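The values are calculated or read from the model by the stated rules, or taken from the named source; none is laboratory data. Source: prediction; values computed, not measured. FYI the Cβ positions are ideal-geometry reconstructions off the backbone, even for glycines, and counts take in every protein chain you see.
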Amino acid sequence: MDKKIEQHRISYLLSQRNILAGVSALLLSIVFLQAIFLFFRNEKIIISPPELHQQYWVEGDRFSEGYLEEMAVFYAHLLLDVSAETLLYQGEVILRSVDADSYSRIKTKLFADAAKLKKENVTSRFEPKKATISRQNLDVQLKGTMTHYISGKQISSFEETFVIRFSAYKGKLYIKDFALLETKNKKYNDDVEPKVDQK
């Protein structure tokens, strides 16, 4: 009789062990699948700017048009609202957000622009009026009015169009290029990026 009870208890314990092992294996599989899902999933982040004019979102290496526009306007301010004294400092801020492949080229251009501003003793101010955004290419064209001053006096004002090209890595935006596309000031025609014929 005792032997039957013992065998019954052993079989009960074995069945309990098998059930617990099955549940543990199932839970382990669920956790493993969740880990894989989270590893490959791009989280969508809603960003609210301090002034709350609009919301931005970032999902992996995809960005909302509003985010691209605001970042382009911010970087344009640092690059174009400058004097010989401020360009190098603002340029250092810009260089923190430049991608590795473009770093030396953009740094060289910043130093050349600073030398040019110092030689001409010019302060510039750019007022963007229109943005054309390409989410696929991660670039923004900014059209607006460029004004130049010497000793606080306005010497020229003209329409110009710039393009800021971005690259993306792990949800962060980096500056790949910044170029003048069009200007109505003949003095700066040599600075305009040459157009490439697309056949």
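Of all the numbered requirements in (1) of a type outside the set (Gly, Ala, Ser); (2) at pLDDT below 95; (3) outside any loop (DSSP other than H, G, I, E, B); (4) out of contact with any helix residue (DSSP H, G or I) (no Cβ under 9 Å at 6 or more places or on another chain), Gln90 misses one, and that requirement is (4).
The residues on offer are Leu180, Leu173, and the sole one that is assigned to a strand (DSSP E or B), crowded, with 19+ Cβ neighbours inside 10 Å and either touching a Phe, Trp or Tyr at 6+ places or on another chain (Cβ under 7 Å) or not aromatic (Phe, Trp, Tyr) (or both) is Leu173. Close Cβ contacts (under 9 Å, 6 or more residues apart or on different chains) running from residues in the stretch 92-107 that are without any contact (Cβ under 8 Å) to a residue 24 or more places away in the chain and within 16 Å of Val82 (Cα to Cα) to residues that are among the aliphatic types (A, V, I, L, M) and not in a helix (DSSP H, G or I) comprise Leu95/Ile175; Lys107/Val98. Scanning the stretch 115-131 for residues that are assigned to a strand (DSSP E or B), hydrophobic (A, V, I, L, M, F, W, C) and within 13 Å of Leu80 (Cβ to Cβ) gives a single hit, Phe126.
Scan the stretch 54-87 for residues that are among the charged types (D, E, K, R) and either part of a loop (DSSP other than H, G, I, E, B) or free of Cβ contacts under 8 Å to residues at least 12 places away in the same chain (or both) and the total you get is 3.
Are any of the residues in the stretch 107-118 touching a Ser or Thr at 6+ places or on another chain (Cβ under 6 Å) and at pLDDT 90 or above? For the stretch 107-118, residues touching a Ser or Thr at 6+ places or on another chain (Cβ under 6 Å) and at pLDDT 90 or above: absent.
Quick one: in the stretch 119-140, of everything that is among the polar types (S, T, N, Q) and surrounded by 17 or more Cβ atoms within 10 Å (Cβ to Cβ), which residue is nearest to the chain's Cα centre (by Cα)? Within the stretch 119-140, the match that is nearest to the chain's Cα centre (by Cα) is Ser124. Residue check: Ser156 meets all listed conditions (1) surrounded by 13 or more Cβ atoms within 10 Å (Cβ to Cβ); (2) polar (S, T, N, Q); (3) touching a Lys or Arg at 6+ places or on another chain (Cβ under 9 Å); (4) under 29 Å from Trp57 (Cα atoms) but one, namely (4).
Take the stretch 43-78 and flag every residue that is modelled with pLDDT of 60 or more and of a type in the set (A, V, I, L, M). Passing the criteria: Val58, Leu68, Met71, Ala72, Val73, Ala76, Leu78.
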